[in-house]
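Just below is one structure, and these are the notes that go with it.
The values are calculated or read from the model by the stated rules, or taken from the named source; none is laboratory data. Keep in mind that what you see is a predicted model, and the values were worked out from it rather than measured. Note that each Cβ is placed from the backbone with ideal geometry, even for glycine, and that neighbours are counted across all protein chains shown.
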Amino acid sequence: MPELIKLPEMFGGDKSDGDIKGLIATSKKLLTDSFIQSLGPESTASIKTRLKENSPVDFTPEGKLRFCHGGGDTTVPIQNATAASAKFKALEVDAPVINVGDTLNHGTALVPCFKEALKWFEELK
(Lines give C-alpha, C1' and ligand atoms only; values in the text may rest on other atoms or scores of the structure.)
Protein backbone atom coordinates (compact mmCIF):
# COMPACT_ATOMS: atom_id res chain seq x y z
CA MET A 1 0.00 0.00 0.00
CA PRO A 2 2.75 2.52 -0.70
CA GLU A 3 0.30 4.65 -2.68
CA LEU A 4 -1.90 5.16 0.39
CA ILE A 5 1.10 6.24 2.42
CA LYS A 6 1.73 8.99 -0.17
CA LEU A 7 -1.69 10.64 0.28
CA PRO A 8 -0.85 12.59 3.46
CA GLU A 9 2.49 13.49 1.89
CA MET A 10 0.70 14.80 -1.20
CA PHE A 11 -1.90 16.93 0.51
CA GLY A 12 -0.09 18.23 3.57
CA GLY A 13 -0.23 21.82 2.32
CA ASP A 14 3.42 22.15 1.43
CA LYS A 15 3.29 20.72 -2.12
CA SER A 16 2.61 22.63 -5.32
CA ASP A 17 0.25 21.33 -8.00
CA GLY A 18 3.31 20.23 -9.99
CA ASP A 19 4.75 18.37 -6.99
CA ILE A 20 1.48 16.48 -6.48
CA LYS A 21 1.25 15.63 -10.17
CA GLY A 22 4.80 14.29 -9.98
CA LEU A 23 3.97 12.08 -7.00
CA ILE A 24 0.82 10.76 -8.68
CA ALA A 25 2.69 10.19 -11.94
CA THR A 26 5.05 7.81 -10.14
CA SER A 27 2.05 5.69 -9.09
CA LYS A 28 0.13 3.69 -11.65
CA LYS A 29 -2.88 3.73 -9.34
CA LEU A 30 -3.66 5.25 -5.99
CA LEU A 31 -5.18 1.95 -4.90
CA THR A 32 -3.24 -1.13 -6.00
CA ASP A 33 -4.98 -4.28 -7.19
CA SER A 34 -3.61 -6.18 -4.19
CA PHE A 35 -5.10 -3.60 -1.83
CA ILE A 36 -8.51 -3.78 -3.54
CA GLN A 37 -8.39 -7.60 -3.49
CA SER A 38 -7.47 -7.54 0.21
CA LEU A 39 -10.79 -5.83 0.90
CA GLY A 40 -12.64 -8.93 -0.27
CA PRO A 41 -15.54 -9.20 -2.69
CA GLU A 42 -18.14 -7.81 -0.28
CA SER A 43 -16.09 -4.69 0.49
CA THR A 44 -15.26 -4.12 -3.16
CA ALA A 45 -18.94 -4.38 -4.09
CA SER A 46 -19.81 -2.04 -1.23
CA ILE A 47 -17.25 0.53 -2.41
CA LYS A 48 -18.63 0.37 -5.96
CA THR A 49 -22.18 0.77 -4.62
CA ARG A 50 -21.19 3.79 -2.51
CA LEU A 51 -19.41 5.42 -5.43
CA LYS A 52 -22.53 5.00 -7.59
CA GLU A 53 -24.75 6.33 -4.77
CA ASN A 54 -22.53 9.42 -4.46
CA SER A 55 -22.25 10.10 -8.17
CA PRO A 56 -23.16 13.65 -9.18
CA VAL A 57 -24.94 12.19 -12.22
CA ASP A 58 -28.12 11.57 -10.20
CA PHE A 59 -27.64 14.40 -7.70
CA THR A 60 -30.25 17.13 -7.36
CA PRO A 61 -28.91 20.03 -5.28
CA GLU A 62 -31.20 21.56 -2.72
CA GLY A 63 -29.26 24.80 -2.55
CA LYS A 64 -27.70 27.19 -5.02
CA LEU A 65 -24.86 25.99 -7.16
CA ARG A 66 -22.27 27.43 -9.54
CA PHE A 67 -19.41 26.01 -11.54
CA CYS A 68 -16.25 28.10 -11.86
CA HIS A 69 -13.85 27.44 -14.68
CA GLY A 70 -10.84 28.78 -16.53
CA GLY A 71 -11.32 28.54 -20.29
CA GLY A 72 -7.74 27.34 -20.79
CA ASP A 73 -8.11 24.41 -18.38
CA THR A 74 -7.04 21.15 -20.01
CA THR A 75 -6.97 19.22 -16.72
CA VAL A 76 -10.75 19.41 -16.27
CA PRO A 77 -12.33 20.33 -19.59
CA ILE A 78 -15.08 22.97 -19.68
CA GLN A 79 -17.38 20.29 -21.09
CA ASN A 80 -17.55 18.70 -17.62
CA ALA A 81 -19.02 21.88 -16.16
CA THR A 82 -21.29 22.65 -19.10
CA ALA A 83 -22.68 19.09 -19.16
CA ALA A 84 -23.35 19.18 -15.41
CA SER A 85 -24.90 22.63 -15.70
CA ALA A 86 -27.20 21.42 -18.50
CA LYS A 87 -28.18 18.35 -16.49
CA PHE A 88 -29.08 20.49 -13.50
CA LYS A 89 -30.97 22.95 -15.69
CA ALA A 90 -33.08 20.03 -16.95
CA LEU A 91 -33.92 19.39 -13.29
CA GLU A 92 -34.90 23.08 -12.95
CA VAL A 93 -31.81 23.86 -10.88
CA ASP A 94 -29.92 27.02 -11.81
CA ALA A 95 -26.23 26.09 -11.91
CA PRO A 96 -24.41 28.50 -14.22
CA VAL A 97 -20.84 28.06 -15.43
CA ILE A 98 -18.68 31.08 -14.60
CA ASN A 99 -15.66 31.41 -16.91
CA VAL A 100 -13.05 33.50 -15.10
CA GLY A 101 -10.80 33.84 -18.15
CA ASP A 102 -10.37 32.18 -21.51
CA THR A 103 -6.63 31.65 -21.03
CA LEU A 104 -6.64 30.65 -17.36
CA ASN A 105 -5.77 27.03 -16.68
CA HIS A 106 -6.54 24.66 -13.81
CA GLY A 107 -3.99 26.36 -11.56
CA THR A 108 -4.17 29.98 -12.66
CA ALA A 109 -7.99 30.03 -12.43
CA LEU A 110 -7.91 29.11 -8.73
CA VAL A 111 -7.61 32.60 -7.23
CA PRO A 112 -10.12 34.18 -9.64
CA CYS A 113 -12.56 31.35 -8.85
CA PHE A 114 -12.11 31.96 -5.11
CA LYS A 115 -12.76 35.66 -5.67
CA GLU A 116 -15.93 34.83 -7.65
CA ALA A 117 -17.05 32.47 -4.89
CA LEU A 118 -16.49 35.10 -2.17
CA LYS A 119 -18.38 37.69 -4.19
CA TRP A 120 -21.26 35.25 -4.70
CA PHE A 121 -21.32 34.26 -1.01
CA GLU A 122 -21.60 37.94 -0.09
CA GLU A 123 -24.57 38.27 -2.45
CA LEU A 124 -26.24 35.30 -0.76
CA LYS A 125 -26.08 36.88 2.73
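Taken over segment 91-125, the residue count meeting the criterion of being outside any loop (DSSP other than H, G, I, E, B) and modelled with pLDDT under 90 is 1. Selection within segment 47-79: residues that are outside any loop (DSSP other than H, G, I, E, B), loosely packed, with under 14 Cβ neighbours inside 10 Å and not aliphatic (A, V, I, L, M). The member of this set that is nearest to the chain's Cα centre (by Cα) is Pro56. The number of residues in segment 94-114 being out of contact with any Ser or Thr (no Cβ under 8 Å at 6 or more places or on another chain) and either free of Cβ contacts under 8 Å to residues at least 12 places away in the same chain or β-branched (Val, Ile, Thr) (or both) comes to 7. Please work out if Ala83 is among the small types (Gly, Ala, Ser), at pLDDT 75 or above and under 26 Å from Leu118 (Cα atoms). Yes: the conditions hold for Ala83.
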